[in-house]
Amino acid sequence: MITFHKNAFLIQTRHTSYLFHVLPSGHLEHLYYGHTLSGVKSYEKIVSHDRNWITAKAIEVMDANIRAMTPVHSFANGNMISYSDDAESLCLENRCLEMSSFGKGDIREPFIELVYPDGSSTCDFLYDSYVIKDEIEPLETLPSAYDENGISEADHAQQLVMTLKDKKHGTVLELIYSAFPDCDIITRSSKITFVGTEGQDEDAVVTVQRLMSTQVDFYRTGMRMTSFHGRWADEMHRTDAVCDGGKVVNEELAAGESGSRSNPFVMLSNPETTENYGDCYGFNLVYSGDHYEALSCNYVDSSRFVSGIQPTGFAWHLKKGESFESPQAVMAFSRNGFNGMSRHMHDFVRKHITRGSWRDKERPTLINSWEASYFNINQNSLVNLAKAAKQCGIELFVMDDGWFGHRNDDKSSLGDWYVNEKKLPGGIEALANKITELGMLFGLWVEPEMINEDSDLYRAHPDWAVQIPGMHHSKGRNQMILDLTRTEIQDYVISSMKKVFSSGKVSYVKWDMNRIFSDRYSTALSPEKQSEFMHRYYMGLYRIMGELTKSFPEILFEGCSSGGNRFDLGILCYFPQIWGSDDTDPICRQSIQTGYSYGYPGITVGSHVSGSPNHQTLNVTNLDTRFIIASFGCLGYELNLCDLSDKEKAEIKEQVDFYKKWRGVLQFGDYYRLGDGRCMVVSKDKKKAVGMVLQRDRFPNRDMDIFKTKGLDNDTFYHMTNYVNKLSLKDFGSLINTMTPVHVKENGIVQKIADKVVRMSGEKEDISATGGIFNECGVHLKTAYGGTGYSEDTRVMRTGDARLYVFEAMDSQYKI
Ligand code: DGJ
């Protein structure tokens, strides 16, 4: 709910408040963002739309509150700039502001930087007017959050547009706030318009050198910024830095994509905040290009956070009447630690970012051909893989790279989106028919933003590739990028993809993007507009993604950029899931997925079971662990099932059946990080839950382990069981000789025969207790193997072993 009292604006969600007011000078002073300032009763009154509650008394109280929250500076501070002779004690440097700029005394990190036609760069945006809207208007040029609840819902989303003007130069700045009360999210974006002034040259140009999406000032220092970094196949490692003075920056400087190096999602918290306790702010950007997030601190009084498009290398030129809008920033707050904030972000992404027919549908289990056979594919091998997958209960078959042009490796054919008939006689249609006849869905891989020099497309249109005329172009994975700033190239991509997607029964598309940017340049842009290239690329890409997702509403799209090199809310506005990483090693994956979980729900992360030894690390892990970890994302398989034994395929069938039963909880429930590689997901109604334990290091003689949960209802009685892990005689090596009458040689014939005949399974848990016991005290798991004994009930947890536990609420008679 957004309300306005005198000169103050309150944005209220269920559990957070955001407050600012207009100073007598016209500047917008930020007063507060954090845990709700109103009690539950006042909130109910606010959302009831009963304007009568705003009595004279209430306004008086509000006035008093705002007076109490406003800093008092009676004199100008030393070595600071007084804003004006009329307001001598107003020094912009020591106020918390809603937006700031250089030139009038605020010398901190700016929200906006403009160069005016006269060459000056001092801005002074002062309040002009406001509008509160009862529905969310989308951004015009970029993807943004939406609200489907409509105005009938008590706490439906609303928008506030604050208009500020710099009259001297004829520029108008709109600060746009949206409140999504149901998930405690506030979004911000901004728009600058060059209106011009009387008598000004008609060709005058204002250069936007930076326009941030959000700025939040805090009257405190020493905040901790947490950001997520990595590289190819090694994404989302958490890093913490406390800012006591100076600046902490998270940025993607020049990759040209949101990036594995630095994801745009960051958190601010107190250094003492933990997973479950303490204040935590989450910030993200609905954007896929280079970005910038910075927490700076002027040592004594305050800190400032800004986020938006990366200003380095960026400049946008506005003629009279033109506007530029920043991407939308997403802001969450929780006083229940990182976990509390993550759950707000997850709900928001699921309800207000992802969209389309797949948003609320359970995602299918899939088999992907990439790690099964890489480029070495043909109709026969693919159909055989699909048949094996069908036997395992897998629902969707995905043909990855290698099906088009003459692509037998990564050196050619990107851009030539016609089928290689030698590999696929009868084309996509024939293959799709064979797959769908098996009772499976069919999907395929494309990389539409790219072009190889060795392609018919390049031979016909060499100028379509991003490159600087006369200069050699540096490649990534042997490929170049199509200049998507140009409408005719966007149109080509749209029409070529439309042909591919309608060439058979295509239910799923994996949209890949396998290089970062270099040699940025568009032959269609004038020299001064080359600084607009990167942003124009994304405007072009978003147009393409928008058209295609509108034309093929039933297709499930999965984004990918060599894994998670472009994992962000911009992509998620079109594609409801993204391939999380090219690293499919489950132990590494658990860290990567934990990194994503801070800002993104599991349903947005593609996650596959692959072969062992793993292709990226050569680590060996058992099939159970690979399944358990992958099941916390959208589960797929990516290995040659045809080469597996019947026993292994039977195990996979069991996994898939198990996942289908529990994926409603895993994909749509509330997620909790439990620490130490553990996590759990609880259904919204708290009747079901799935938990996971990972043994990172195994030591002998440690037989006890307690599983302590989060999120179960303390008063409900639950039954906990487990996915029963598989064991084999081989797992015991030569130790088996302590129990057998004859000597069994390791890997010898006797061991092999015995291994086939003797069926062994892991321990079975069967624990019933109230949620309070599970959450507050934790329950004791079966004895772990520790080197001193073994029975059927022993929990064999070697380094790298995982367990999956499921919880079901018992009949209501057990409810306390
Ligand atoms: C990179 C992706 O991340 C992989 O999964 C695979 O699709 C390859 N590209 C294909 O070239």
Q. Going by the structure shown, is V330 in a strand (DSSP E or B), within 23 Å of S307 (Cα to Cα), modelled with pLDDT of 95 or more and more than 16 Å from the ligand (Cβ to nearest atom)?
A. yes
Q | Residue satisfying condition, being within 15 Å of the ligand (Cβ to nearest atom) and more than 22 Å from L644 (Cβ to Cβ), within set M471, M450 | A | M450
Q. In the set T207, T171, T187, which member is farther than 25 Å from G103 by Cβ and touching a residue at least 40 places away in the same chain (Cβ under 8 Å)?
A. T187
Q. If you check L385 against the conditions, is it outside any loop (DSSP other than H, G, I, E, B) and either within 16 Å of the ligand (Cβ to nearest atom) or of a type in the set (A, V, I, L, M, F, W, C) (or both)?
A. yes
Q: Go through the range 394-420 residue by residue and tally those that are open to solvent by less than 10 Å² (accessible area, probe 1.4 Å), in contact with a Ser or Thr (Cβ under 7 Å, 6 or more places away or on another chain) and on the phi > 0 side of the Ramachandran plot.
A: 2
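Condition check ((1) open to solvent by 50 Å² or more (accessible area, probe 1.4 Å); (2) under 28 Å from E648 (Cβ atoms)) across all residues:
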{"residue": "R696", "(1), (2)": "yes, yes"}
{"residue": "M704", "(1), (2)": "yes, no"}
{"residue": "K708", "(1), (2)": "yes, no"}
{"residue": "S728", "(1), (2)": "no, yes"}
{"residue": "F732", "(1), (2)": "no, yes"}
{"residue": "L735", "(1), (2)": "yes, yes"}
{"residue": "M739", "(1), (2)": "yes, yes"}
{"residue": "I749", "(1), (2)": "yes, yes"}
{"residue": "K764", "(1), (2)": "yes, yes"}
Q: Could you tell me which numbered condition Q391 fails, if it satisfies all but one of (1) surrounded by fewer than 23 Cβ atoms within 10 Å (Cβ to Cβ); (2) within 16 Å of the ligand (Cβ to nearest atom)?
A: (2)
**Q.** Residue pairs meeting the criteria (Cβ under 6 Å; at least 6 apart or on separate chains; first within 18 Å of L694 (Cβ to Cβ), in the range 769-797; second of a type in the set (S, T, Y) and surrounded by 12 or more Cβ atoms within 10 Å (Cβ to Cβ))
**A.** Y785/T794; V796/Y785
Q. Can you name the residue in the range 365-382 that is in a loop (DSSP other than H, G, I, E, B) and crowded, with 21+ Cβ neighbours inside 10 Å and, of all such residues, is nearest to the ligand (Cβ to nearest atom)?
A. S369
Q: Name the single residue, out of those in the range 511-536 being of a type in the set (D, E) and outside any loop (DSSP other than H, G, I, E, B), that is nearest to the ligand (Cβ to nearest atom).
A: E532
(Q) Restricting to the range 471-506, name every residue that is open to solvent by less than 30 Å² (accessible area, probe 1.4 Å) and among the small types (G, A, S). (A) G476, S496, G504
Q. Going through the range 542-574 one residue at a time, which ones are without any contact (Cβ under 8 Å) to a residue 40 or more places away in the chain and open to solvent by less than 10 Å² (accessible area, probe 1.4 Å)?
A. M545
**Q.** Residue within the range 422-434 that is assigned to a loop (DSSP other than H, G, I, E, B), farther than 24 Å from Y521 by Cα and of a type in the set (D, E, K, R) present
**A.** yes
Q. Only one of these conditions is not met by R343: (1) open to solvent by 10 Å² or more (accessible area, probe 1.4 Å); (2) part of a loop (DSSP other than H, G, I, E, B). Which number is it?
A. (2)
Q | Members of the range 296-327 found to be among the hydrophobic types (A, V, I, L, M, F, W, C) and assigned to a loop (DSSP other than H, G, I, E, B), listed by number | A | V300, F314, A315
Q. Looking at G800, G771, which one is more than 19 Å from K684 (Cα to Cα) and modelled with pLDDT of 95 or more?
A. G800
Q.
Can you pull out every residue in the range 1-28 that is surrounded by fewer than 19 Cβ atoms within 10 Å (Cβ to Cβ) and either in a strand (DSSP E or B) or touching a Pro at 6+ places or on another chain (Cβ under 6 Å) (or both)?
A. T3, F4, H5, R14
Q) Which condition does T274 not pass, out of (1) open to solvent by 30 Å² or more (accessible area, probe 1.4 Å); (2) out of contact with any helix residue (DSSP H, G or I) (no Cβ under 7 Å at 6 or more places or on another chain); (3) outside any strand (DSSP E or B), if it passes all the others? A) (2)
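The values are calculated or read from the model by the stated rules, or taken from the named source; none is laboratory data. The shown structure was predicted, so the numbers you read here are calculated from the model rather than taken from an experiment. Ideal geometry is used to build each Cβ from the backbone, glycine not excepted, and the neighbour counts take in all protein chains shown. Please note that ligands, DNA and RNA were not included when accessible areas were found on the heavy atoms of the full protein model with its side chains. Shrake-Rupley method; radii C 1.70, N 1.55, O 1.52, S 1.80 Å.
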